[in-house]
Amino acid sequence: MDGTAIESLLHGFVVLLTLKNILLMMLGIILGIFVGVLPGLGGPNGVALLLPLTFTMDPTGAIVLLSCIYWGALFGGAITSILFNIPGEAWSVATTFDGYPMAQQGRAGEALTAAFTASFFGALAAVLLITFLAPLVARFALRFGPPEFFAVYFLTFCSFVGMGKEARHKILISMLIGFLLAAVGMDTVGGSLRMTFGFSDLLRGFDFLVAVIGLFGLSEILLTMEEKLAFEGKQAKLDVKVVWRTWKSLPRYWATLLRSAVAGCWLGITPGGAIAASFMGYGLAKRFSRDPDSFGTGRIEGVLAPETAAHAAGTSALLPMLALGIPGSGTAAVLLGGLMIWGLQPGPLLFVEHADFVWGLIASMYLGNIAGLILVLATVPLFAAILRVPFPTIASSVIVLCAIGAYAVHGAVFDIWLMVVFGIIGYVFKKLDYPLAPLALALVLGDRAEDAFRQTMIASRGSLGVFWSNSLVGSITTLALLLLFWPVLSDIVKRLRKPRGGLPTEAASS
Amino acid sequence: MDSRSTAWGFGAIAGAVCLASLPAAAAWEPTKPVEFIVPAGAGGASDQMARTIQTIVQKYELMKQPFIVSLKGGASGAEGLMAMKQAAGDPHKIIVAQSSLYTIPYATNLPFSWKDLTPVTLMALDEFVLWDNVELPYKTTQEFLDAAKKVSTTEPMKMGGTGSKREDHILTAFIESKAGVKFAYIPYKSGGEAATQLVGKHTDANVNNPSENIAQWRANQVRALCVFDKERLPYKAKVTETQSWNDIPTCKETGLDIDYLMLRGIFIPGGGTPDQVAFYDQLMRKVGATPEWKEYMEKNALKEAEFGPAVLKAFLEKDEPLHKQLMTEAKFLATN
């Protein structure tokens with residue numbers, strides 16, 4: 001098995017290593033970074049825009065170009081998250097939690113380097129997985145029916161409530177508002193429209209990206225304007241050595257990286273997995289940290305964890321697309337459409353019938369990520385220096401960027417106003433000390449969780465026992481409930497230990 | 001109308017020979033980029049059709065203005081339909097529509113009717129096939145339905161499909177009433193999802209379009225029981241190791257007398273002039289005459305349909321009442 005995989009991969013490198021393909025790779029990465037930097041344009045839209053360009057190319061060249069745009073966009077998405085608190089992609093939201101505080105403290109270069117390196121690490125872990133375990137993983141993905149999907153989403157929600165540092169009722173309120181907004185639009189299971197009140201613009205529902213651009217990006221500008229009319233990151237120095245310095249500190253966080261990579265690879269093969277993965281990677285890092293309360297104030301692990309998980313998931317999301325024909329992410333869906341136009345039918349036989357293409361693509365994942373890492377690291381000092389620009393200039397550019405981003409998602413002017421409304425909501429939330437992340441999470445996963453739950457109930461005819469009907473779904477559900485009640489449980493554990501040992505140590509609680 | 005459409009037919013044949021040099025016969029042509037609206041998600045069957053058309057138009061330079069595919073798949077495509085309705089009088093928008101033209105308005109009270117648009121031409125008709133998992137013991141439609149009947153009242157078999165109160169669900173209800181069985185219908189977001197859920201044995205059967213299940217069929221993971229059409233599919237080249245599309249019996253042959261097809265047609269917004277309709281009709285005929293299109297049709301096992309607005313209108317006038325009747329019987333009509 002391993003022998004043939006390596007042989008096939010080497011063959012893939014041979015297919016790939018032509019001057020034309022390498023140039024396409026570079027072009028793809030650079031285009032991708034631009035696409036990723038513009039919030040709202042994002043991976044799916046960027047790839048869709050450039051798809052027609054590739055129709056006249058051979059499939060291998062075309063997929064190399066497109067997948068490199070994808071890698072570039074994944075790398076680029078972190079840039080605006082860290083610098084301006086605007087997540088470029090859904091899975092960059094968790095990166096803003098610590099990345100943005102780091103930038104404000106003048107450590108933008110460090111945060112960017114950490115994010116890019118973590119991305120690379122995550123992607124590499126996933127590519128290794130694809131290389132050696134593709135058939136196995138594809139079979140595992142087939143085991144995911146509605147109950148399993150629901151259990152995974154439930155796990156993500158529970159880990160948020162159980163491990164959040166804000167008051168629980170505030171997390172719940174924020175999350176429930178997210179669920180409410182996620183319910184707007186077409187109800188897949190019921191087949192009718194909900195809460196659209198006859199407005200055509202509401203048919204789409206509330207797009208996650210439009211919401212987060214407002215909630216995180218615009219609200220931050222509003223807050224900064226009110227508070228001190230300046231970015232604290234002004235003192236950020238143009239420093240080329242920052243990459244090297246950050247790298248030296250990274251091996252210390254090997255456990256965080258590894259944990260996130262595993263979580264990411266595992267979640268990547270379920271649709272919507274990359275988003276859940278980034279949040280879960282962050283949650284895990286916090287959970288296992290000796291000092292969980294310092295998360296959110298600019299911890300480097302807070303950047304490493306979600307980025308590793310998101311890229312591991314984003315990359316492994318391509319596997320179910322190739323092997324099963326189900327896209328694990330929006331961008332993967334666009335790539336899937338591309339494959340079919342080039343005459344390739346994704347599915348179990350793709351690996352057999354178009355081995356050249358598949359292994360070429362996998363080889364391009366290795367090369368594309370290495371090329372991407374070098375290119376983006378080279379830009380770190382440049383991007384970090386952006387924060388030295390005076391605030392009025394930055395603020396107005398960021399607002400313009402937000403508006404363009406919101407418009408670009410669906411090409412709808414209505415979405416710009418929606419973004420502004422979300423900006424105000426975000427501002428109010430921050431003033432009242434309500435967390436925004438649960439709202440964002442519920443908005444993006446809420447309707448999927450609802451669909452999965454109702455599909456499960458149709459199949460099981462209303463019995464909740466189905467969530468423990470096999471070992472896979474049973475263990476995920478149990479883990480979810482454990483995490484949900486973690487604060488209560490850990491209190492009980494503490495109390496039980498006190499009389500015996502007499503020392504309520506830190507270790508017992510963390 | 002008839003003599004003109006013969007002339008277009010001739011034009012299409014001539015077009016196949018010298019596509020680029022064909023003189024513009026229509027009196028109207030686009031003066032700015034044309035937006036090609038897809039009322040469905042990325043990668044789905046409608047998106048693929050639109051992108052195939054776009055590729056052919058680009059390759060053969062069939063149009064002076066650029067042709068831009070724009071995905072408006074919100075609310076199962078209602079977003080795209082409403083965008084077309086609101087664009088009344090704008091001939092620079094076209095849509096590749098399907099049966100959701102009437103199923104969505106009936107199921108949701110969406111203020112939309114296909115009469116809000118100007119029909120241009122049918123591109124193809126899409127078939128539905130009854131599929132089950134190869135690991136199930138039911139090798140024929142009859143065996144499958146008998147088994148389904150037995151468990152109808154206790155633990156109904158699970159039928160997967162795309163969306164609720166839409167084509168797959170309507171067809172499932174149609175089978176239920178014809179064969180006297182009951183299924184637990186599980187709606188998924190896309191045909192691709194319905195296909196993998198069948199392979200993973202989370203459902204027992206589905207009624208996917210051929211293109212949605214082809215990969216799983218070729219990998220010998222699903223079994224094609226019958227096709228819901230009056231005649232078998234014409235494509236005789238082997239698709240799986242042992243079977244061609246033509247080898248799938250019609251449902252009628254197997255004792256389930258149902259035929260059900262889905263249109264895939266082109267429309268422009270309401271108030272389109274005959275000249276504008278003629279331009280797009282002619283454009284699509286040229287697309288239809290290319291080898292790339294023929295290959296696309298065969299690969300997705302699409303049924304050929306005659307071009308022209310008259311054929312499309314006649315189809316709609318028959319197909320809409322049928323859907324209304326089926327949806328009324330299945331109690332799928334919106335209540336409020």
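Taking each of B:Lys64/B:Lys294; A:Lys286/A:Lys430; B:Lys150/B:Lys236; B:Lys59/B:Lys230; B:Lys139/B:Lys230; B:Lys115/B:Lys331 in turn, the alpha-carbon distance tops 30 angstrom for B:Lys150/B:Lys236; B:Lys59/B:Lys230. Across the alpha-carbon set of segment B:129-247, the Rg to Rh ratio works out to 0.94, Rh being the Kirkwood radius. If only the Cβ of Lys and Arg carry +1 and only the Cβ of Asp and Glu carry -1, the dipole of the protein assembly as shown around its Cα centre is close to 2040 debye. Only helices enter the 222 nm calculation for chain B: every DSSP H run of n ≥ 4 contributes -39,500 (n - 2.57), and dividing by all residues gives -12500 deg cm²/dmol, rounded to 500. Assuming charge only on the beta carbon of Lys and Arg (+1) and of Asp and Glu (-1), the dipole of chain B about its Cα centre is about 260 debye to the nearest 20. With helices as the sole contributors, chain A gives -23500 deg cm²/dmol at 222 nm; each DSSP H run of n ≥ 4 counts as -39500 (n - 2.57), and the sum is divided by every residue.
Taking the convex hull of the alpha carbon positions in segment B:219-318 and averaging its projected area over all directions gives 8.2 nm². Seen from B:Phe36, the other residues with C-beta closer than 11 Å to its C-beta sum to a net charge of +1, counting Lys and Arg as +1 and Asp and Glu as -1.
Taking trypsin sites (Lys or Arg not before Pro) across segment B:30-121, the ones in a DSSP loop with at most 12 further Cβ atoms lying within 10 angstrom of their Cβ are B:Lys64. The Cα-based radius of gyration and maximum Cα-Cα distance (Dmax) for chain B are 20.2, 66 Å. Considering segment A:330-427, its Cα convex hull presents a mean projected area of 10.0 nm². Other residues whose C-beta falls under 14 angstrom from the C-beta of B:Ala330 contribute a net charge of +2, scoring Lys and Arg +1 and Asp and Glu -1. Counted by Cβ distance under 11 Å from A:Pro438, the other residues give a net charge of +1, where Lys and Arg count +1 and Asp and Glu count -1. Restricting segment B:296-336 to trypsin sites (Lys or Arg not before Pro) that sit in a DSSP loop and have at most 10 other Cβ atoms within 10 Å of their own Cβ leaves B:Lys331. Helix B:167-179 axis versus longest C-alpha principal axis of chain B: approximately 40°, rounded to the nearest ten.
For a straight C-alpha distance cut-off of 14 angstrom, the aspartates and glutamates reachable from B:Lys299 (same-chain residues fewer than eight places away being disregarded) are B:Asp126, B:Glu127, B:Glu212. For chain A, the relative contact order is 28 percent, taking Cα pairs closer than 8 Å that sit 6 or more residues apart in sequence and dividing their mean separation by the residue count.
All distinct Cα pairs of the protein assembly as shown go into the 1/r average, and the inverse of that average, the Kirkwood radius, is 27.9 Å. Taking the longest Cα principal axis of chain B as reference, the axis of helix B:274-288 is set at about 60 degrees. Of the residues A:Phe357, B:Leu110, A:Leu74, the one whose Cα sits farthest towards the positive end of the charge dipole of the protein assembly as shown is A:Leu74 (charges of +1 on Lys and Arg Cβ, -1 on Asp and Glu Cβ, taken about the Cα centre). Loop-located trypsin sites (Lys or Arg not before Pro) in segment B:124-165 (DSSP state other than H, G, I, E, B) with a sparse environment of at most 14 neighbouring Cβ atoms within 10 Å: B:Lys139. Can you divide the C-alpha Rg of segment A:123-180 by 2.2 N^0.38 Å and report the result to two decimal places? Against the compact-globule rule of thumb, the ratio is 1.62.
Laboratory data are not the source of any read-out in this text; all were calculated from the coordinates shown. No experiment lies behind these values; they were computed from the predicted model shown. Here the Cβ is made from the backbone with ideal geometry for all residues, glycine too, and neighbour counts use every protein chain on show.
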